[in-house]
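Below: one structure, written as structure tokens.
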């Protein structure tokens, strides 16, 4: 049996799909060939995992030509079933055009007629009920008869990732024995999720001073300036960043895997940390934690009790951004301290 899995376009969502992928592999074993269908830039998220026989990458541009090309490719592979994790009409259309006999997905954006197996998100009074992407994706594998053994996210690193991280640790003077707190200040969703850089700078300095451990500011290519600002504001020899380094998702995974604690907004790095079971302090602003639950048993979630949240907006519609502005450095530092204490107890045991 050949099963193709359309994976999400967001780094964090791909990580949240790993319990579903594991369930497929554990249930079908060697009796099925699993292929991942995904955008090239998220492929590194799953690097090191042994579940796929094949990775099919695609570019959505130009939209019509790219869709036709991919549907033809999927038809030629001879898939028996396609699982559509993205809810877009486009993925439904590609699956329908491919002629694959079984097309499983959620009915959203008018694509119901394009699916053979239609699943529905829970709703109440005409509004979607918040449900974790982990659970939504598992609904697809369960539809194929795959029981869910665990909802824990699972990621791995490659040897190349670890060699790069070894070199980086040496270059930046990071020593595992001292403990490392990884700070991930931004995310691709939008500015509304961001905690102010000045707060992060203060937090980093306090962590370095109070715990005698090191702080690594982790960033993506578009966040180099923010990481550099935080490092500069902290002005501490034990606060360093990736702002000037050669960045990759694989390197980020290796860095987060080595961290004692990760501090991040509701963003991709938060889910990457969960994939390695790393204690995390998650800063929630405009988003509802129910949508983003990743079943990390070692996570502390911080959020403000405001009437205007969660609004799910990419920028604050009221222009005050209180959900993040009023989250104090004291609150976050206390949560980091709790996680560090827990990490030390586990290490001592």
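Looking across the range 239-255, just one residue is surrounded by fewer than 22 Cβ atoms within 10 Å (Cβ to Cβ) and in contact with a strand residue (DSSP E or B) (Cβ under 9 Å, 6 or more places away or on another chain), and that is 243. Of all the numbered requirements in (1) at pLDDT below 95; (2) farther than 18 Å from residue 41 by Cβ; (3) surrounded by fewer than 21 Cβ atoms within 10 Å (Cβ to Cβ), residue 193 misses one, and that requirement is (3).
Taking the conditions exactly as written (within 18 Å of residue 119 (Cα to Cα), in contact with a strand residue (DSSP E or B) (Cβ under 9 Å, 6 or more places away or on another chain) and crowded, with 17+ Cβ neighbours inside 10 Å), does residue 84 satisfy them or not? The answer is yes for residue 84.
Within the range 256-269, which residues are assigned to a helix (DSSP H, G or I) and in contact with a strand residue (DSSP E or B) (Cβ under 6 Å, 6 or more places away or on another chain)?
Filtering the range 256-269 for residues assigned to a helix (DSSP H, G or I) gives 256-258, 268-269.
Listed by number, the list holds a single entry, 256.
If you check 272, 306 for being part of a loop (DSSP other than H, G, I, E, B) and either touching a residue at least 12 places away in the same chain (Cβ under 8 Å) or more than 17 Å from the chain's Cα centre (by Cα) (or both), only one passes: 306.
Using the structure shown, decide if residue 36 is touching a residue at least 24 places away in the same chain (Cβ under 8 Å) and surrounded by 17 or more Cβ atoms within 10 Å (Cβ to Cβ). Considered against the rule, which asks whether it is touching a residue at least 24 places away in the same chain (Cβ under 8 Å) and surrounded by 17 or more Cβ atoms within 10 Å (Cβ to Cβ), residue 36 comes out as yes.
In the range 111-151, the residue that is surrounded by the most Cβ atoms within 10 Å (Cβ to Cβ) out of those that are touching a helix residue (DSSP H, G or I) at 6+ places or on another chain (Cβ under 6 Å) and farther than 19 Å from residue 20 by Cβ is 111. Would you confirm whether or not the range 138-148 contains a residue that is without any contact (Cβ under 8 Å) to a residue 60 or more places away in the chain, in a helix (DSSP H, G or I) and more than 30 Å from residue 317 (Cβ to Cβ)? Looking through the range 138-148, at least one residue is without any contact (Cβ under 8 Å) to a residue 60 or more places away in the chain, in a helix (DSSP H, G or I) and more than 30 Å from residue 317 (Cβ to Cβ). Quick one: is residue 281 touching a strand residue (DSSP E or B) at 6+ places or on another chain (Cβ under 8 Å), crowded, with 16+ Cβ neighbours inside 10 Å and in the same structural domain as residue 194 (by TED's automatic domain parsing)? It is true that residue 281 is touching a strand residue (DSSP E or B) at 6+ places or on another chain (Cβ under 8 Å), crowded, with 16+ Cβ neighbours inside 10 Å and in the same structural domain as residue 194 (by TED's automatic domain parsing).
The values are calculated or read from the model by the stated rules, or taken from the named source; none is laboratory data. Computed from a predicted model, the values in this text were never measured in an experiment. A quick note on method: Cβ atoms are made from the backbone with ideal geometry, for glycine too, and the neighbour counts reach across all protein chains shown.
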